[in-house]
1. Give the residue, chosen from A:Ala86, A:Ala126, that is touching a helix residue (DSSP H, G or I) at 6+ places or on another chain (Cβ under 9 Å), more than 14 Å from chain B (Cβ to nearest Cβ) and aliphatic (A, V, I, L, M).
2. Within the stretch A:639-652, which residues are farther than 18 Å from B:Leu141 by Cα and open to solvent by less than 20 Å² (accessible area, probe 1.4 Å)?
3. Of all residues in the stretch A:647-676, which are free of Cβ contacts under 8 Å to residues at least 24 places away in the same chain and at the interface with chain B (Cβ under 8 Å from one of its Cβ atoms)?
4. Tally time: how many residues in the stretch B:205-240 are more than 16 Å from ligand 2 (Cβ to nearest atom) and within 14 Å of chain A (Cβ to nearest Cβ)?
5. Here are A:Arg420, A:Arg452: which of them is at pLDDT 95 or above, outside any strand (DSSP E or B), open to solvent by 10 Å² or more (accessible area, probe 1.4 Å) and over 26 Å from A:Leu674 (Cβ atoms)?
6. Could you grab me the full set of residues in the stretch A:585-640 that are touching a strand residue (DSSP E or B) at 6+ places or on another chain (Cβ under 7 Å), of a type in the set (A, V, I, L, M) and within 12 Å of chain B (Cβ to nearest Cβ)?
7. Got a sec? Which of B:Ala99, B:Ala149, B:Ala110, B:Ala92 is in a loop (DSSP other than H, G, I, E, B), small (Gly, Ala, Ser) and within 14 Å of ligand 1 (Cβ to nearest atom)?
Amino acid sequence: MKFDTPATKNPIDRLAVVGQPVDRIDGPLKTTGTARYAYEHHDAVAHPAYGYVVGAGIAKGTIRSMDLADAKASPGVLAIVTADNAGPLGKGDKNTALLLGGPKIEHYHQAIALVVAESFEQARSAARRIHVDYAREPGAFDLARARDSAVKPGTGKPDSAVGDFDGAFAAAAVKLDATYTTPDQSHAMMEPHASTALWDGDKLVIWTSNQMVAWGVADVAKTLGIPKEKVHLMSPFIGGGFGGKLFVRADAILAALGARAAKRPVKVALPRPLMFNNTTHRPATIQRIRLGATREGKLTAIAHESWSGDLPGGKPETAVDQTRLLYAGANRMTALRLAELDLAEANAMRAPGEAPGLMALEIAIDEMAQKLGIDPIQFRIANDTQVDPEHPERPFSKRRLIDCLNVGAEKFGWKARNPRPASTRDGRWLAGLGVAAAFRNNLVTKSGARVRLGKDGIVTVETDMTDIGTGSYTIIAQTAAEMMGVPLHRVVVRLGDSDYPVSSGSGGQWGGNSSTAGVYAACTKLREAVVAKLGLAGEAEFVDGRVRAGGRDVALADAAKGGELVAEDAMEYGDLAERYQQSTFGAHFVEVRVDAATGETRVKRMLAVCAAGRILNPKTARSQVIGAMTMGVGAALSEHLVVDRNAGFFVNHDLAGYEVPVHADIPHLDVVFLDETDPMSSPMKAKGIAELGICGVAAAVANAIHHATGIRVRDYPITLDKLLDRLPPSTDA
Amino acid sequence: MKPFTYERATSTAQAAARAASVPGAKFVAGGTNLLDLMKIEIETPAHLIDVNGLDLAKIEPTPDGGLRVGALVRNTDLAADARVRRDYPVLARALLAGASPQLRNRATTAGNLLQRTRCPYFYDPDQPCNKREPGSGCAALAGYRRMHAIVGTSDACIAAHPSDMAVAMRVLDAQVETIRADGTTRSLPLADLHRLPGSTPHLETTLDAGELVTAVVLPPPPGGVHVYRKVRDRASYAFALVSVALVRQADGSGRVALGGVAPKPWRSEEAERALASDPQAVVDGLLKDARTSPDNAFKLTLARRTLDAAIADARSSR
Ligand SMILES: Cc1cc2nc3c(=O)[nH]c(=O)nc-3n(C[C@H](O)[C@H](O)[C@H](O)COP(=O)(O)OP(=O)(O)OC[C@H]3O[C@@H](n4cnc5c(N)ncnc54)[C@H](O)[C@@H]3O)c2cc1C
Ligand code: SF4
């Protein structure tokens, strides 16, 4: 099915099931521990061997020699895989560094061996008995130092320019020129990267925790040098990904190689301390923002330049993307520059581009509003645009940023805020309120599904879509239930299996809308088959388990009496996304307390108002947004992969050192969804929501800290040491 | 993990004797620190002596009006004890500021005192660390030092002691009771339990081989207002950047110990004489020989400001 004209009325609009805050259909499996994750397929794999990954102990250089004798002689060891004995390996299209390194080492903790043993403990113990002699080479680990060597990247759209920025900026009555930094960050999802692999002849069967099944199949096949048809990949449940599991990682490839070497099924989970340097991370950025405005508060010049680093062959963090679209202004430029760094691979993490980009831009907007003496909400409203500012002929499909700001201001009590920074005291605390705009592009992508109508009237959906904890099972079931006119409990959803039709997968907040649109397409076909089978004529209505058309009223299940009906289709997209700019919008409001003596910041309450098309399930959508807000608090206050610039690695590589928010950090969270549909996005009229929730949060926290203290911090995370010297004297406490 | 043998101790004397005679033996109590380190082979005991069955889990009054806290009293139980909450609130608060409820349920009094540093390089076997591997060097010196000590350090090691409980016990003048391999017992001031790193950072305490901690004795209650103020990057479940244990009397005099700044709980009886007249002089005295790096120099200011805040707390809660 092709979606190339705006959606009109369709069965989803009934909203009998879609749009309802139903509980997750996979909830009972999760709460009873019966949802099987990649490391837990005990039913299918009774006696697996265990693989333990050895990571390189240097950041850059070569392995001179590797002594495996002690490890081989360790109790229980079945096999040791290294680059020396693994046979020829390719590199996945989506990988930058090799997943099994050696002799060349590209980054710290790059996998250099897998020890396979009878037990996990034996494998781990033997892994410590591999002795490696390295020849170290100097590397580049410091983005600030590498900044001058950064180049214009060869991929994507690194530069944009409209009008005459330099002239307009020079002539502007009020100017801001500020540089912001965001640190390297880790996905730090709960479930580590994990895989269980077995060989059935020349066919690889692999359960792995991966957001993108079809990409996974392709890169496993390419890396191992086997045809795609020989890879059966399954990822039915995923304990969090945030972009860290978009790509095949070492656990999958090494499990496959280990199983081949040991002639046994092998399971591999990355140990937590390896995850931070072995896998991907969100790279640090340096961002320079220049804004020029009239005294009345109209932006006339906007420039945003961003520098980030990656391994050779890697990609930049696209931190300027939102600046091309968020505010009006006739003269503008953006630029991305990429430096080579020898740290672990930089890649996507929840809202790549916008999340770090808004961390900078939305402080800059706050600073400019302050310079102008204009309320930051009014300043944003005054510079709203309903068209793509770089291509004014392209309107936004829907853009309700102003509504988000106004609704939020009302609900949060913004009016009562004294605009003067450092004006409000609450006992030992300095109190402040901050706001930021949220913006994230809406991506749509082809997605397929197969739907079966059984004799018993049960509707079964099969698609390789994944559920990374987001609620895909549930919204897909809601979609099928709505389309086929059956209650939710009459729908079975099967996900994450490469035997099923290729879907959008989960990433870039495209999964919810795209995968349900694919199910819509398949259900549309199934409805046609049902109508044909029942010999009905005219417009058919599917409700309450019945099909009504042309005056007849038949049980849906009757259509499958003579055998199961199966329909398969995919939703594909025309050029609506080119003709209309599709984005999601929101506003984040944050109240903080900063300890006047110690500079500790604690968030007191938060509100997100989102305009993101139809909300398919307000309950799962809210969970996404509050989770994202929590992650935004981490980005604002504590999350920071610290680079050791001598040894070239992220030092704080465990959950004790990489501080994500804990429960005590997260206070009252409130989410409001504006009632909206976007007919340009898909027949679902929905858009992404899961990444919008993080976009702008950190800046709202930063702006609240500024409001509380009068101190402007432009380096994330905003830890107390950055405030300490500028707080009021502590003897006044 | 290296294979090890295991036994359950039958008496304190037997435990101490065995620990001294079996090569590579170590005591295990709650195991919340030791087992983690064993899994990654930073600790590699050949033999474990499990002391959990010993009769060391009581909190008893001492004849002079103090409290004897058995070595196996769990952090949760100690923090919840009515006498501790009433007479030594600084200790209860320090305990509750540490780790998580689950860990505190398991963690013991002796184990907490003897827990090892949280220096990230100590935990990474691919990095040089004099504490883990004497003579290999110290990666932290030229590396990331935000969480590290600024006083009492050496060129060999700058690791901080992570315990909160120990800081409060130090301010309370606690004594540590032990039994040695030959069956003799002794009592030493907590102040003398931990060593500074000097050139031997792998030697962390003054305990003899096999010496078993049996109790910590708190002298009679010091009175005054008690404050434990732990400053950290998130609201819970993080080690202290700086902590202040304060016992303040009505006339403004009192005692101060700092956590997060040194390889052991940091207190100077001499410096704290100035508490009533000039609190900043106390910090000056405590931190006078500080050696900082750009990423931890803030601890100098933070310690000052946190003491001020603790004094303000004490004043307002009187
Ligand atoms: C995630 C995490 C967060 C934490 N956060 C904090 C925090 O914020 N603040 C804080 O203070 N602590 C914190 N801790 C540390 C925790 O308090 C310690 O792990 C715990 O107190 C150790 O006690 P244990 O009984 O489990 O010791 P064990 O692990 O059993 O033993 C520790 C050491 O003491 C020795 N030992 C034990 N008993 C005796 C004895 N009777 N005589 C002689 N030697 C003995 C053992 O041989 C071993 O060397 C944290 C720990 C973890 C894992
Ligand atoms: S500070 Fe001490 S524990 Fe840390 S690396 Fe240096 S020697 Fe090891």
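The values are calculated or read from the model by the stated rules, or taken from the named source; none is laboratory data. Everything numeric here is computed off the predicted structure, so don't read it as measured data. All Cβ positions, even for glycine, are placed from backbone atoms using ideal geometry, and neighbour counts span all protein chains on display. Surface areas here come from the heavy atoms of the whole protein model, side chains and all, with no ligands, DNA or RNA. Shrake-Rupley method; radii C 1.70, N 1.55, O 1.52, S 1.80 Å.
1. Exactly one residue qualifies, and that residue is A:Ala86.
2. Residues satisfying the conditions are A:Glu639, A:Leu641.
3. The answer is A:Val651, A:Ala656, A:Gly657, A:Val662, A:His663, A:Ala664.
4. 13
5. Being at pLDDT 95 or above, outside any strand (DSSP E or B), open to solvent by 10 Å² or more (accessible area, probe 1.4 Å) and over 26 Å from A:Leu674 (Cβ atoms) holds for just one of A:Arg420, A:Arg452, which is A:Arg420.
6. Result: A:Ala596, A:Val603, A:Val633, A:Leu637.
7. Selected residue: B:Ala99, the only one of B:Ala99, B:Ala149, B:Ala110, B:Ala92 that is in a loop (DSSP other than H, G, I, E, B), small (Gly, Ala, Ser) and within 14 Å of ligand 1 (Cβ to nearest atom).
Yes/no matrix, rows are residues, columns are (1) within 23 Å of B:Ala310 (Cβ to Cβ); (2) free of Cβ contacts under 8 Å to residues at least 24 places away in the same chain; (3) within 16 Å of ligand 2 (Cβ to nearest atom); (4) more than 13 Å from chain A (Cβ to nearest Cβ):
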{"position": "B:Leu78", "(1), (2), (3), (4)": "yes, no, no, yes"}
{"position": "B:Asp87", "(1), (2), (3), (4)": "yes, no, no, yes"}
{"position": "B:Val90", "(1), (2), (3), (4)": "yes, no, no, yes"}
{"position": "B:Pro101", "(1), (2), (3), (4)": "no, no, no, no"}
{"position": "B:Ala107", "(1), (2), (3), (4)": "no, no, no, yes"}
{"position": "B:Thr117", "(1), (2), (3), (4)": "no, no, yes, no"}
